[in-house]
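As structure tokens, the structure follows; a few thoughts come after it.
All of the numbers you see were taken from the coordinates with simple rules; none came from a lab. Keep in mind that this is a model prediction, so the values were computed, not measured. When we count neighbours, we look across all protein chains shown, and the Cβ atoms used for this are built from the backbone with ideal geometry, even at glycine.
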Amino acid sequence: MEGQIIVITSGKGGVGKTTATASIGAALALDGQRVAVVDMDIGLRNLDVVLGLENRVVFNIVDVVKGKCKLRQAAIKDRRIDNLFLIPASQSDNKDVLTPEEMVRLGEELHKEFDFVLMDCPAGIERGFENAIAAADEAVVICTPDVSAVRDADRVIGLLYARSITPKLLVNRIDAKMVERGDMLSHQDVVDVLSIELVGLVQMDDQVVVSTNTGLPLVMQKNSKAGEAFCRIAMRLNGHPDLPIEEPRTQKGFWKSFGQKIGLKN
Amino acid sequence: MSNTGQGTSYMRLRGVGDSLWVTLDPTQPEDLLQEDLTKLFGRLKHFAFQARVILDPGATHGHDDLIENLGTFLKENFGVGFVSGPPKKRSADEEQSRKRDVNRSWKHRRSEVLILAGRVRSGQKVTAKKHLLMMGDLNPGGEVVAGGDILVLGSMRGTAAAGQPSNEDAIILALDFRPTQIQIGGYVAAGLPCSPGTVAEYAFVENNAIVVADYLKANPFKRLPWPEVR
């Protein structure tokens, strides 16, 4: 059975595409799937750092496409998680070095080698985006609850529909307190505008910064709310679409308040 | 009045639609008129039975009693079904409206309305030659442009330009009216305050400015006597 290629995209930069790619990829691999995460941000690669694999990069995706190496040579195996592979981007080329046709050919090869291939799409809707979605079977659009991210996500959704790809929505960095105060859009507001299937909600979590800086995937961190959310998202993508979506809420109650007062909990 | 050949007759009989239209001279005595009616309806024989009869005294008014008496006479003697005076003429205003309505009949008119269902997303632009009807939402960053009116049966959050390039009579209507910017003809409005709750609102040009109002309360077309092609 051939694997599936899922592009993680957003339109806007800085909404958490790379973190989501690394986290969902790691969660799927922990679940026993053979997973490749592909950094499509040619010239600005980051996924290797987030996964803590930057010192093992020898070949990259451009080398594979141009025939300088084989796919298995470029795919870096993660030593902590079996079945997780990284195909890094080139840091010295620009995005025009690849074409969508070349990516479709690479996609055929990736389909055969892996159960899941997660493409970390660059920001924007130019050549880098075109390359990332060229071979994709599915798409996950990441959107943070702010007006500019919603608008860019909406644009990307239109472009994906135009290429017969039905996207799913992941709302990232939800701050339940700000939503309650009315200072932040709620996930319902985002879903209302974008009007596509919701695949998961991820709340704001300081552990993301720790994960990015240490190179330890978020789903391997203990007590990470975002990591747990990404695990559930991976399960939904991996044949459990009906898994209930947990809404981020502020914790209330006597014991929470008491714990905060005596300094037991944050 | 026509001559029947047996003397002077003071009435004339015509078939009008499904009725028998009898024009008579109301200045003549009633018995003379009854005599003439007997001659006319006697010749009709069974065709008069249950017929609709209109007794027309001509341009003069105030002959209701005469019409009622002659009607009773016809019903009793010839079994006619229904007798009345001529239908009243419409007022000049009403006649004008009806004439205009007929002139602009929509029956054979080709539609100049672009009807779309779905969602206009950010970065997408829809242009209609005349009116545009959107059954769906206009998202922020989306744009709709029309030569006539723009009606959005959904949420309007993007940019809408109606009456382009210079039709200031155009309106922009949305069930949920929260546009980023609207244009009507050459007028532009932005940063419109949100109304409390969701009510159907519409924008129009008044006194060289764009005004937004509750559509159901304002009901801008209520004064039109007949449906008009817009």
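Across the options B:116, B:216, B:200, the greatest Cα extent toward the positive end of the charge dipole of chain B (unit charges at beta carbon of Lys, Arg, Asp, Glu) belongs to B:116.
The coefficient of translational diffusion for the protein assembly as shown, derived via Stokes-Einstein from the alpha carbon Kirkwood radius under 37 °C and 0.692 mPa s, stands at 113 µm²/s. For the stretch A:140-192, applying the loop criterion from DSSP together with a ceiling of 13 other beta carbons within 10 Å to the trypsin sites (Lys or Arg not before Pro) yields A:163.
In plain terms, the residue of A:99, A:9, A:212 with the fewest other Cβ atoms within 10 Å comes first and the most crowded comes last, giving A:99, A:212, A:9.
In straight-distance terms, cross-link reach from residue B:88 covers every one of the aspartates and glutamates whose alpha-carbon lies under 15 Å from its own, apart from those fewer than eight places away in the same chain; here that gives B:56, B:64.
Quick one: dipole size for the protein assembly as shown, taken about the Cα centre, charges +1 on Lys/Arg Cβ and -1 on Asp/Glu Cβ, in debye to the nearest 20. Could you put the intermediate results ahead of the total?
Details: 60 positive and 63 negative charges, 90 e Å.
Value, rounded to 20: 440 debye.
A viscosity of 1.306 mPa s and a temperature of 10 °C, combined with the Kirkwood radius over C-alpha pairs in the Stokes-Einstein formula, give chain A a diffusion coefficient of 85 µm²/s. With only Cα atoms counted, chain B has Rg and Dmax values of 30.5, 89 Å.
Take the Cα of residue A:55, step 7 Å toward its Cβ, do the same at residue A:113, and the gap between the two points is 2.5 nm.
For residue B:198 and residue A:245, what is the calculated FRET efficiency with R₀ set at 35 Å and r taken between the beta-carbons, to the nearest 0.05? Show your work: numbers first, answer last.
Details: r = 26 Å, r/R0 = 0.73.
According to the calculation, E is roughly 0.85.
Length gained on full extension, residue A:70 to residue A:175: 33.4 nm, using 0.36 nm per residue less the C-alpha separation. Modelled spin labels at residue B:75 and residue B:115, positioned 7 Å past Cα toward Cβ, are 4.9 nm from each other. Local charge for residue A:74 was computed over the other residues whose Cβ lies under 13 Å away, with Lys and Arg +1 and Asp and Glu -1, and equals +2. Mean residue ellipticity at 222 nm, helices only, chain B: -6000 deg cm²/dmol; runs of at least 4 DSSP H residues each add -39,500 (n - 2.57), and the sum is divided by the number of residues. Sparsely packed loop sites in the stretch B:30-71 (the chymotrypsin sites (Phe, Trp or Tyr not before Pro) outside DSSP H, G, I, E and B with at most 13 other Cβ atoms within 10 Å) comprise B:49. Other residues whose C-beta falls under 13 angstrom from the C-beta of residue A:199 contribute a net charge of -1, scoring Lys and Arg +1 and Asp and Glu -1. Take the alpha carbon gyration tensor of the stretch B:113-218, find the square roots of its eigenvalues, order them as a ≥ b ≥ c, and report rounded if a/c is under 1.5; if not, report prolate when a/b exceeds b/c, else oblate. It is rounded, given that a/c, with a ≥ b ≥ c, falls under 1.5.
Please go through the residue pairs A:68/A:95; A:12/A:168; B:125/B:222; B:45/B:75; A:12/B:125; A:12/A:70 and name each one whose alpha carbons sit more than 25 Å apart in this structure.
Values: A:68/A:95 18 Å; A:12/A:168 16 Å; B:125/B:222 32 Å; B:45/B:75 13 Å; A:12/B:125 20 Å; A:12/A:70 32 Å.
In this structure, B:125/B:222; A:12/A:70 exceed 25 Å between Cα atoms.
Among the DSSP beta bridges whose two residues both lie in the stretch A:4-261, what percent are antiparallel, rounded to the nearest 5? Show your work: numbers first, answer last.
Values: 2 of 30 bridges.
The answer is about 5 percent antiparallel.
Cβ crowding within 10 Å ranks B:210, A:233, B:150 as B:210, A:233, B:150, fewest other Cβ atoms first.
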